[in-house]
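Enquirer: Sharing a structure with you now.
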Amino acid sequence: TNGDHLVEVRGQDMVGNWGGWSSVIWHVVNPPVPFDIDVSAIGASNWVLISFPITITGDVIDIFNDAAWSGGTTDWDRIYWYDPLDTADHWKSYNKDQVLLGITQDMPSVNNNMGFWVHLSGSDGLLTVGEGYDPVSTTIDLVTGWNMIGWASTNITYSLNDLIAANPGLIDSVEQYNSGNPPYLLSPMLGADLFIVGQAYWIKASVDGPLNLP
């Protein structure tokens with residue numbers, strides 16, 4: 001919990017003699033916490049486009065493990081990430097069924113800058129990811145063309161207009177998740193639309209450059 005914490009320790013030898021006390025005080029601010037991604041808007045396709053804002057990095061199978069982090073019943077069988085730098089093979093994936101067959105997966109270590117297409121095999125409405133801290137600030141390197149990014153921010157009042165103003169000349173257009181718009185499950189984001197924490201976005205960049213998030 002937040003605040004100052006004191007630990008005092010002393011030792012005892014084999015014949016029962018006690019030594020002196022030693023102590024240490026440390027201050028805790030904002031302990032790491034799990035993050036719940038709202039996946040209740042799932043459509044008939046069972047695909048969601050999600051991300052997590054907290055600053056954690058690790059294997060996808062460990063981070064997206066709802067049962068381990070919350071004891072919930074949300075689960076998935078496939079996750080995809082779009083790597084704009086790998087022109088030979090943009091799509092990286094983790095498929096649990098293929099893993100059972102011994103097939104090697106190419107999903108790299110994941111972080112909060114990345115967006116993910118996740119195919120849910122069951123859901124209680126929330127997908128809890130591993131413990132981490134809220135980001136102080138985030139910069140994501142975009143390449144010219146389409147980039148699938150995570151909304152690595154906990155700001156819930158930030159609009160597309162705000163993002164364009166903070167990154168002049170960088171953003172051509174943004175697509176957001178829309179479970180009711182098959183087959184691509186996307187729709188254009190309008191200037192006044194707010195970014196949603198826990199969702200991911202497709203951003204078409206006009207040039208290579210850093211995207212600064214709030």
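The values are calculated or read from the model by the stated rules, or taken from the named source; none is laboratory data. Everything numeric in this text was worked out from a predicted model, so none of it was measured. Heads up, the Cβs are rebuilt from the backbone with ideal geometry, glycines too, and the neighbour counts pull from every protein chain shown. For the accessible areas, the whole protein counts, side chains as well, though only heavy atoms, and no ligand, DNA or RNA atoms are used. Shrake-Rupley method; radii C 1.70, N 1.55, O 1.52, S 1.80 Å.
Enquirer: Could you look through segment 81-98, keep only residues that are of a type in the set (A, V, I, L, M, F, W, C) and within 20 Å of T57 (Cα to Cα), and pick out the one that is least open to solvent (accessible area, probe 1.4 Å)?
Expert: So, considering only residues that are of a type in the set (A, V, I, L, M, F, W, C) and within 20 Å of T57 (Cα to Cα), the one least open to solvent (accessible area, probe 1.4 Å) is W81.
Let's see how each residue does on (1) more than 18 Å from the chain's Cα centre (by Cα); (2) at pLDDT 75 or above; (3) buried (at least 16 other Cβ atoms within 10 Å of the Cβ):
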residue	(1), (2), (3)
D13	yes, no, no
V24	yes, no, no
I37	no, yes, yes
A41	no, yes, no
D62	no, yes, no
N65	no, yes, yes
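Enquirer: Looking at segment 112-128 only, could you name the residues that are more than 15 Å from A44 (Cα to Cα), under 12 Å from the mean Cα position of the chain (by Cα) and part of a strand (DSSP E or B)?
Expert: M114, F116, L127, T128, listed by residue number.
Enquirer: Only one of (1) open to solvent by less than 60 Å² (accessible area, probe 1.4 Å); (2) of a type outside the set (F, W, Y); (3) under 18 Å from the mean Cα position of the chain (by Cα) fails for R78. Which number is that?
Expert: Of (1) open to solvent by less than 60 Å² (accessible area, probe 1.4 Å); (2) of a type outside the set (F, W, Y); (3) under 18 Å from the mean Cα position of the chain (by Cα), only one is false for R78: (1).
Enquirer: Considering only segment 99-111, I want to know if a residue exists there that is farther than 23 Å from P34 by Cα, part of a strand (DSSP E or B) and either open to solvent by 30 Å² or more (accessible area, probe 1.4 Å) or hydroxyl-bearing (S, T, Y) (or both). Lay out the reasoning, then the answer.
Expert: Filtering segment 99-111 down to residues farther than 23 Å from P34 by Cα leaves 99-106.
Retained after the next criterion (residues that are part of a strand (DSSP E or B)): none.
Within segment 99-111, none of the residues are farther than 23 Å from P34 by Cα, part of a strand (DSSP E or B) and either open to solvent by 30 Å² or more (accessible area, probe 1.4 Å) or hydroxyl-bearing (S, T, Y) (or both).
Enquirer: Consider T87 against the criteria (1) within 19 Å of W202 (Cβ to Cβ); (2) modelled with pLDDT of 95 or more: it satisfies all of them except one. Which criterion is unmet?
Expert: (2)
Enquirer: Let me ask something else about it. If the Cβ limit is 7 Å and pairs must be 6+ apart or interchain, which residue in segment 137-155 that is of a type in the set (F, W, Y) and modelled with pLDDT of 95 or more pairs with which residue that is open to solvent by 10 Å² or more (accessible area, probe 1.4 Å) and assigned to a strand (DSSP E or B)?
Expert: Listed pairs, sorted by first residue: W146/W202; W146/K204; W151/Q199.
Enquirer: When you scan segment 43-56, how many residues do you find that are open to solvent by 20 Å² or more (accessible area, probe 1.4 Å), at pLDDT 95 or above and at negative phi?
Expert: Within segment 43-56, residues that are open to solvent by 20 Å² or more (accessible area, probe 1.4 Å), at pLDDT 95 or above and at negative phi number 1.
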